[in-house]
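These notes concern the structure reproduced below.
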Amino acid sequence: MLDQVVCLAAVTVLGLLEQAYFALMVIYARRKYSVSPPATTGPPEFERVFRAQANCSEYFPIFVFSLWLAGVFFSQAIAVIFGLLYLYGRYRYFHGYAESTQGRLGPLYFSAKVQWVLIALAGLGITCTMIQVYL
């Protein structure tokens, strides 16, 4: 069982590192555009970086839960693949949004689709497990 969760844990840690990277990018943007905390408004360039980081942070708990549920109840390998795809999509989203508001759309749609796949796999896995256990 331990070796089954190692890859899920590795993807989770990678996601945490990605969140830390996004937070550092906000710190750098604050310095670059002279926006002191706790202010959250400033030049459009700063606001895009700030919103990109906030949006990624808002969806991170949903990602972690669906990753682990899909991995434990459906397939660890498939969950890890979709987890890595999701993190890649969020990375592209962050940098796309930092450049322009339109630059976020393609990666946003991609990562949303991957997130829904993880949610569906988690739901399917839990349903199949319940059927096996209780029927």
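Could you tell me the relative contact order of segment 65-110? Use alpha-carbon pairs under 8 Å, at least six residues apart, and round to a whole percent.
Result for segment 65-110 is 26 percent.
What translational diffusion coefficient, to the nearest whole µm²/s, does segment 68-135 have by Stokes-Einstein, given a Kirkwood radius computed over alpha-carbon pairs, a temperature of 20 °C and 1.002 mPa s viscosity? All intermediate terms of the calculation are to be shown ahead of the outcome.
Values: Rh = 12.8 Å.
After rounding, the answer is 167 µm²/s.
Rank Gln53, Trp68, Gln102 by how far each Cα sits towards the positive end of the charge dipole of the chain (+1 on Lys, Arg Cβ; -1 on Asp, Glu Cβ) and give me just the farthest.
Gln102
Since every read-out is calculated from the coordinates, none of them should be taken as a lab result. Please read all numbers here as calculations on a predicted model, not as lab measurements. Cβ coordinates were reconstructed from backbone atoms using ideal geometry, including for glycine residues, and neighbour counts include every protein chain displayed.
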